[in-house]
Structures are given as C-alpha cells and as structure tokens.
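The values are calculated or read from the model by the stated rules, or taken from the named source; none is laboratory data. For clarity, every value in this text was computed on a predicted model and none was experimentally measured. Here the Cβ positions follow ideal geometry from the backbone for every residue, glycine too, while neighbour counts run over all protein chains shown. Each accessible area value is taken on the protein alone, full model and side chains, heavy atoms only, with ligands, DNA and RNA left out. Shrake-Rupley method; radii C 1.70, N 1.55, O 1.52, S 1.80 Å.
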Amino acid sequence: MEDKIFLLVKVTMKTTHQVIHDAIAELQKSDVEITSTKNVKVLRTEIIPLHTKTTK
C-alpha cells in the first residue's frame, strides 16, 4: 500500500541571523533524511515551504 503522511519536526537552533525568518528560509533549503525500516519503505521526503518574510 502507498500512502502519504505529514510529520511535524521540531528544530531547536542557534543562528547568527538577526531575523528568524532568514534562518527558517535557509533551513528550508537543506535536506531531510527519514530512513526506511524493515516494514516501511520511504519513497520521498520534502520540506513543505513555510512562506515567511525575509530581509533578502
């Protein structure tokens, strides 16, 4: 069976960005890895964009 789920990820971070939205925008460009298990094969993962106001 193939299905889609949404997982919420909590991230605690330190940043040199003065505006938190810039840090969020930067993290959204990074890779996320969720590995398969014996009974579940992960087909695709993606970060769903959070549209924030950035200074850049």
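Worth pointing out:
- Compared with the direct C-alpha span, the chain from Thr45 to Ser30 gains 4.2 nm at full extension, assuming 0.36 nm per residue.
- Taken over the chain, the convex hull of the Cα atoms encloses 103 Å³ per residue.
- Only helical runs count toward this figure. For the chain, summing -39,500 (n - 2.57) over DSSP H runs of n ≥ 4 and dividing by all residues gives -4000 deg cm²/dmol at 222 nm.
- Residues His21, His51, ordered by accessible area of protein heavy atoms at a 1.4 angstrom probe radius and largest first, appear as His51, His21.
- Relative contact order %, the chain, counting alpha carbon pairs below 8 Å whose residues are six or more apart: 37 percent
- Per residue, the accessible area of the chain comes to 107 Å² when a 1.4 Å probe rolls over the protein heavy atoms.
- If R0 is taken as 35 Å, the Cβ-Cβ distance between Lys38 and Thr16 corresponds to a FRET efficiency of 0.30.
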